[in-house]
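Notes follow the structure.
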Amino acid sequence: MRAALKFIPIVLIILSALTGLGHNKEKHIKSHNDYVKMKKITLLLIVFVITTALLLTGCSGNTNEKQQNKAAMESHTGDKIMHNMHSMEDHRVSLHLSPEKAKHQLMNMRNHLQAVQQIINYLSKDDFDSASFIASSRLGLTNEMKKMCSSFGNEKFENLGLEFHKSADKMSEVMKTKNKNKALEALTLTLNYCVTCHSVFRQ
């Protein structure tokens, strides 16, 4: 609407010029036909100016609407990001480990990961004896591992740890049969305990 108002003075000037031509047509225009042509041209100019003003007003409205839509989309995107951040919060059970104990546990888990890597490497080469030895000696249940599992003060965590190490001993026995498919199934079962434990607990 503001854009249309800006063109009102121009329309008035054109109308004034037309009126002047009407009063002085004998002086400025040689014939009646010329006057009629000039009048038509002037009217067309007026229509053009008004149409342009309306178009500009429409564009301004579209721009405001686009800005509002953009702001709404940005707000929605921000809300979605915040929702994702909240959904990414760690709701696992904390074991409340001291820095020293947390460091020791991380080292232990890295050793387990390295053992699994070696087992897979030996299985790929059909070296079942070496794979069986690693499974038993580095992942199997020992008195040291029993003490470690019971030292965290969480019964569920302790039970998961014990079952993990027991499954490693069973995996070692399966690998002695030199059946690769059975060996991989046993390895998958052992790793399932890792996945379960990490999905439930955190340091």
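The values are calculated or read from the model by the stated rules, or taken from the named source; none is laboratory data. The structure presented is a predicted model; accordingly, all values stated were derived computationally and were not measured. Virtual Cβ from ideal backbone geometry, glycine too; neighbours counted across all protein chains shown.
Determine, yes or no, whether residue 151 is hydroxyl-bearing (Ser, Thr, Tyr), surrounded by fewer than 18 Cβ atoms within 10 Å (Cβ to Cβ) and out of contact with any Asp or Glu (no Cβ under 9 Å at 6 or more places or on another chain).
When the stated conditions are applied, residue 151 does not pass them.
Any residue that is more than 14 Å from residue 184 (Cβ to Cβ), surrounded by 12 or more Cβ atoms within 10 Å (Cβ to Cβ) and of a type in the set (Lys, Arg) - is there at least one of those in the stretch 106-117?
no
Could you list, in sequence order, the residues of the stretch 143-158 that are closer than 24 Å to residue 174 by Cβ and either touching a Gly at 6+ places or on another chain (Cβ under 8 Å) or modelled with pLDDT of 95 or more (or both)?
145, 149
Restrict the check to the stretch 109-118 and report whether at least one residue is in contact with a Lys or Arg (Cβ under 6 Å, 6 or more places away or on another chain) and among the aliphatic types (A, V, I, L, M).
yes
For every residue, the table says whether it meets (1) without any contact (Cβ under 8 Å) to a residue 60 or more places away in the chain; (2) touching a helix residue (DSSP H, G or I) at 6+ places or on another chain (Cβ under 6 Å); (3) over 18 Å from residue 185 (Cβ atoms).
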{"position": "128", "(1), (2), (3)": "yes, yes, no"}
{"position": "142", "(1), (2), (3)": "yes, no, yes"}
{"position": "150", "(1), (2), (3)": "yes, yes, yes"}
{"position": "166", "(1), (2), (3)": "yes, no, no"}
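Could you name every one of the helices (runs of 4 or more DSSP H) located completely within the stretch 93-203 that has at least 1 residues being small (Gly, Ala, Ser) and under 38 Å from the mean Cα position of the chain (by Cα)?
99-124, 155-175, 180-200
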